Structure formats: C-alpha cells, structure tokens
Amino acid sequence: MNHRTIGRRRTTGRRRALAGGALALAGALALAGCGDSGSGTAETAKKPQLKVTGAYIPEPTADDMAAGFLTVTNKGGTADSLTSATSDIAGSVTLHSTKGGVMEEEKSFGVPAGGELKFASGANHLMLEKLKRKPKRGEKVAMTLHFRTSDPVTIEVPVKEATYSPDGPDGPDGPENNTHMSHTSHMTHMTHASH
Ligand SMILES: [Cu+2]
C-alpha cells in the first residue's frame with residue numbers, strides 16, 4: 001500500500017497534516033475525559049468503599065438451602081473481592097455463579113473500582129446451605145460478608161416471597177424467567193452437592 005502512494009505524497013501532505021491536528025485534538029479531549037472519571041486523588045479514594053444494597057432471600061422451597069441476592073457497590077478507586085459469607089442460620093454459605101444455566105461454586109467475586117458486584121436471580125448468587133432453620137417470609141436473616149481488603153459487612157437480609165424480584169416486570173429478563181431459571185439451577189446443584 002505505502003509504495004503505491006509515495007508518488008502522491010506531496011499533494012496529500014497538507015491534508016494529512018490537518019487530519020493529524022484534528023486527531024491530536026481529539027486525543028487531548030479523550031485524555032481530559034479520562035482524567036475526570038478517575039478524579040478523587042485523595043488517599044481515601046484509593047481504598048475500596050463498599051456499600052451493600054438490595055439484599056433479599058426468597059423464601060426457600062427446599063428445606064436445607066436458600067439463595068441470597070444483593071448488590072455490592074464500590075465507590076472507591078481500588079477493586080476489592082468478596083471472599084466469603086456467613087450466616088447464623090446456615091452451616092455454610094457458598095458463592096455461586098450461573099453460566100449458561102450451569103451453576104458453579106466460586107472462591108471469590110471481584111468488586112471493581114467504581115463498579116458493582118451484583119447477585120441476581122438466575123445469575124450470581126449466595127447459597128445458604130445446611131440450614132439450621134428455614135427462613136420465613138417477613139423475617140430478617142443476619143449475614144456477614146467478608147472481603148479481601150475491606151472490613152466485614154454484616155447485613156440484615158429480609159426474607160421475601162419465593163417469586164420476589166427487585167427489578168419488577170420490566171427487569172431485563174422478567175421475574176418469572178429468572179425465578180424459574182434459578183430454581184432449575186439449584187435443583188442441579190443439589191444433585192452435585194450430594195456426591
Ligand atoms: Cu446455587
């Protein structure tokens with residue numbers, strides 16, 4: 001390509017220079033935008049700043065396990081990770097992802113800087129296993145989340161009806177689909193867990 005355009009170099013030189021200037025300007029603007037989004041140079045902004053919202057447990061249909069959902073937002077400038085969770089009503093709480101309808105246990109979930117970690121029906125979820133008692137709709141269950149960097153966060157998680165969806169009918173997938181999917185994947189999980 002280059003050797004064919006050499007002959008025309010002189011005539012296109014000026015136009016190229018102009019285009020180059022425009023590109024440089026665009027680049028400068030992009031950099032400025034970038035700097036803005038990464039602002040907050042104070043020391044505190046470098047640490048993860050976590051907040052847990054929207055937690056709920058759908059009243060379980062199984063006797064020995066329940067799913068938990070919540071969102072962890074990180075306003076800080078450093079990523080953190082959820083490494084484990086505990087609850088006094090569960091013998092163990094595991095972290096699960098659902099990929100293509102298949103549920104997998106995860107060792108941790110990242111909470112990106114300036115981002116969020118979302119647990120939602122049909123996707124990532126917390127699984128309360130070996131239940132000491134079955135959570136009932138209307139009550140609250142204490143759960144503690146442990147992070148790689150931040151201090152543990154203890155929350156009171158309300159137990160909602162089995163079909164509850166925080167997104168409502170206009171959520172991305174609709175509540176019925178979500179509920180059905182998570183139910184199916186938990187059945188799959190129960191089979192795996194019994195090995
Ligand atoms: Cu699960």
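The values are calculated or read from the model by the stated rules, or taken from the named source; none is laboratory data. What you are looking at is a predicted structure, and each value in this text was computed from that prediction instead of being measured. As a convention, Cβ positions derive from the backbone with ideal geometry for all residues, glycine included, and neighbour counts pool all protein chains shown. Protein only, heavy atoms only, side chains kept; ligands, DNA and RNA dropped before computing areas. Shrake-Rupley method; radii C 1.70, N 1.55, O 1.52, S 1.80 Å.
So which residues in segment 65-94 are within 11 Å of V141 (Cβ to Cβ) and away from the ligand (no atom under 15 Å from the Cβ)? Correct list: D88, I89. If you go through segment 110-135 and pick out every residue that is open to solvent by less than 40 Å² (accessible area, probe 1.4 Å), under 29 Å from K47 (Cβ atoms) and more than 14 Å from the ligand (Cβ to nearest atom), you end up with 3.
Any chance segment 113-125 includes a residue that's in a strand (DSSP E or B), acidic (D, E) and at pLDDT 95 or above? Yes: segment 113-125 contains one or more residues that are in a strand (DSSP E or B), acidic (D, E) and at pLDDT 95 or above.
Scanning segment 51-65 for residues that are of a type outside the set (K, R) and open to solvent by 40 Å² or more (accessible area, probe 1.4 Å) returns T53, G54, E59, T61, D63, D64. The condition of being touching a Ser or Thr at 6+ places or on another chain (Cβ under 7 Å) and under 27 Å from E139 (Cα atoms) does not hold for E104. Evaluation of G138 against the conditions (1) among the small types (G, A, S); (2) surrounded by 16 or more Cβ atoms within 10 Å (Cβ to Cβ); (3) at positive phi; (4) at pLDDT 95 or above shows that the sole unmet condition is (2).
A search for C-beta distances below 9 Å between a residue of segment 96-110 that is over 14 Å from G68 (Cα atoms) and among the polar types (S, T, N, Q) and any residue that is away from the ligand (no atom under 12 Å from the Cβ) and open to solvent by 40 Å² or more (accessible area, probe 1.4 Å), counting only pairs 6+ apart in sequence or on different chains, returns S108/T83; S108/S84; S108/R148.
Counting residues in segment 137-160 that are under 23 Å from L50 (Cα atoms), of a type outside the set (G, A, S) and within 12 Å of the ligand (Cβ to nearest atom) gives zero.
The residue of segment 76-95 that is surrounded by the most Cβ atoms within 10 Å (Cβ to Cβ), among those that are in a loop (DSSP other than H, G, I, E, B) and touching a residue at least 40 places away in the same chain (Cβ under 8 Å), is I89.
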